[in-house]
Amino acid sequence: MGAQTLFEKIWNRHVVSELGDGYALLYVSRHLMHDGGSQAFLALKERGLAVRNPELTFATFDHVISTLPGRTAETNPALTPRLYSMRAHAKAAGVRLFDLGEPGQGIVHVMGPELGLTLPGTLLVCGDSHTCTHGGMGALAFGIGSSEVVHVLATQTIVQRRPKLMRATFEGTPAAGITAKDMILNLIGVIGAAGGTGFAVEYAGAAIRALDIEGRLTICNLSIELGAKCGMVAPDEVTFAHLKDRAFVPKDAAWEAAVADWRTLPSDPDAVFDREVAIDVGKIAPQITWGTSPEHVVGVDGHIPDPKTVGDAERRNALVAALDYMGLAPGAPIAGTPVDWVFIGSCTNSRICDLRAAAVVAKGRRVAATVRAWVVPGSENVKRQAEAEGLDEVFKAAGFEWREPGCSMCLAMNNETVPPGQRSVSTSNRNFVGRQGPGARTHLASPAMAAAAALAGRIVDVRGM
Amino acid sequence: MEAFTVLKGVAAPLLRANINTDVIIRIERLRDLEKADLGRYAFESWRYRRDGSEDPAFVLNRPPYREARLMIAGQNFACGSSREAAVWALQSFGIRCVIAPSFGPIFYNNCFQNGVLPVVVPAEVVEDLAAEVEATQGEGKVVVDLTRCVVVAPGGKETPFSVDALLREGMLKGLDQIELTRAREPQIQAFQARDRERRPWLYPSA
Ligand code: SF4
């Protein structure tokens, strides 16, 4: 066998059967579920089937739960039946569910890596498009639809077509204040929201190696916003140090055996990719989106584009529609745009390092009188860690609201929405029309940039704070 | 699953790039609606104005596109969230085929689970097809023939497309993937036994 990529090594070791045309029946080594999963359990039951390997599926509550301080499963009665149903199905099937208030509960893409459910070299799926996040741990991870979830529950396998491979190399040293979020938003701006369609992406280069696990998870999280179902970073000493002694990570001799195996995973030096792109991170300013697709992104020192300068009619119309929805003037500087809401949270940026970065900016300052700002930790463990470090007090003293772990304003369930016409700076991953509520205008940015916007009441360059 | 062989019907052009599944069906609608009722809310934020009335300018509100069975779309159609309800919403509206230069990868798979056919053809073909349909005010019907793998424009011009054999067969026969895979249970068992031996540390001890 010739030189192989990280992706190929993991893919190949999960092939149960080749189905022709590049399709394979793949073994699923980890399956994660969230609170939208009760439907899948029901569908399985209707077929008269059982969960084939309940010990390889783990579940949590994140999407539909309220994040109101002191919340319970009953806080939003309209959604209570879903949570009860998920509890009952998980229990009956023998699937471990991390319930409200329990360490381990959290956004599914935060809790998996945190508990060590996500391991390098595994094939991990979940009925959620941001499952690509787990690739930051060196797993081959991708989102699936709800019919596919039923398939996984029934058979512990999934049918997939082998994608093409892209390597995105981030070279150089980022300037102070530049985060993983800025790096990946910049890449999306460069190659576009469809630039990764049909590919699995491996993120490589010195600037990726220099990131901690949380930064790598942030990078991989936005793979789907590039159009790529799957993004990944080769596991290394940073990965192993992160994993050691976590709840679901093998111990002692098993740990040694696992690490020895994981060391064989990185792409061989002469492995070939179908497409290569390179980003010089030394040139990146803090990024912020101005429109309704993550590719609508500029440096905070940049300007809102002017449709008049765009030749292609289809692209021009898209710009006009986006600017109209966002209520922005073409050609104006993006900095200085007034902000009504700030959301620090989501599977992109709600881990402890993200909260620390936001707290550094917020410390000793006040949220502008015109802004409502929320901090929503990604998991119960993140919340407890942040409270142990006093971050919650920093945020509260500055006028941020400190909430319970969940997806919250990232997808606007539970009336946790940005009101129509209002403008938010959000650390999440989608600035789509209506994503944070009907008529809501979303600007994506890093946690530090979001905190800075909350304090200033407008979009500002965090490097000047 | 309903089989898909040949479909002829009104095709609604909606050529914006990167239309995401949040726009195809809003998250709130997934809470209390049945699959079959989602069609009313397909493209809700574009179809209805803030007061709830229809926006007459939006393509799916204009006759004959109200009866569209196909959609002609821009690149990266249905990107974003994995929600399968995006397929159900189109299906419930009456659309069983989308023709586009490229699709969101999860949506693409979801279509084949539900008997909806995503057809990939080059951007120029999509644009020409949309222009031809528009020129007839939508009256010119488009045919998608999966038995021959061709799109037939209203004027009769044929464009071949390719679908992977496995997916094509599943669609033509309306096969159920779960049953197909369950027939391979011995293979899965053998694989799992080997994997347990090779990576025992991967398996949580009960
Ligand atoms: S935080 Fe947002 S993007 Fe992430 S899983 Fe939850 S809803 Fe999806």
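The values are calculated or read from the model by the stated rules, or taken from the named source; none is laboratory data. Note that the structure is a prediction, hence the values are computed from the model and not measured. Cβ atoms come from the backbone with ideal geometry, glycine included; neighbour counts cover every protein chain shown.
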Residue pairs qualifying under the 9 Å Cβ cut-off, at least six apart or on distinct chains, with the first in the range B:28-44 being within 14 Å of chain A (Cβ to nearest Cβ) and the second being loosely packed, with under 13 Cβ neighbours inside 10 Å, are B:ARG31/A:ALA78; B:ASP32/A:ALA78
Expected output for the range A:406-417 (first residue over 8 Å from A:GLN436 (Cβ atoms), partner of a type in the set (S, T, N, Q), Cβ below 6 Å, 6+ apart or cross-chain) is A:GLY406/A:THR67; A:SER408/A:THR67; A:ASN414/A:SER66; A:ASN414/A:ASN76; A:GLU416/A:SER408
In the set A:GLY101, A:GLY127, A:GLY37, A:GLY116, the lone residue that is away from chain B (no Cβ under 12 Å) and either within 15 Å of the ligand (Cβ to nearest atom) or touching a helix residue (DSSP H, G or I) at 6+ places or on another chain (Cβ under 6 Å) (or both) is A:GLY37
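So that you can scan it fast, the table gives a plain yes or no per residue for (1) of a type in the set (A, V, I, L, M, F, W, C); (2) modelled with pLDDT of 95 or more; (3) touching a strand residue (DSSP E or B) at 6+ places or on another chain (Cβ under 6 Å); (4) surrounded by fewer than 17 Cβ atoms within 10 Å (Cβ to Cβ):
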| site | (1), (2), (3), (4) |
| --- | --- |
| A:TYR203 | no, yes, yes, no |
| A:ILE208 | yes, yes, yes, no |
| A:GLY215 | no, yes, no, no |
| A:LEU226 | yes, yes, no, no |
| A:ALA241 | yes, yes, no, yes |
| A:PHE248 | yes, yes, no, no |
| A:ALA257 | yes, yes, no, yes |
Of the residues in the range A:266-292, those that are under 23 Å from the mean Cα position of the chain (by Cα) and buried (at least 19 other Cβ atoms within 10 Å of the Cβ) number 11
Point to revise | Residue match in the range A:169-187 (condition: away from chain B (no Cβ under 13 Å), surrounded by 24 or more Cβ atoms within 10 Å (Cβ to Cβ) and of a type in the set (Lys, Arg)) | key: yes
The strands (runs of 3 or more DSSP E) lying wholly within the range A:237-303 that contain at least 3 residues that are within 28 Å of A:CYS410 (Cα to Cα) are A:287-289, A:297-299
Scanning the range A:395-415 for residues that are at pLDDT 95 or above and either among the basic types (Lys, Arg) or buried (at least 24 other Cβ atoms within 10 Å of the Cβ) (or both) gives A:PHE395, A:LYS396, A:PHE400, A:ARG403, A:PRO405, A:GLY406, A:CYS407, A:SER408, A:MET409, A:CYS410
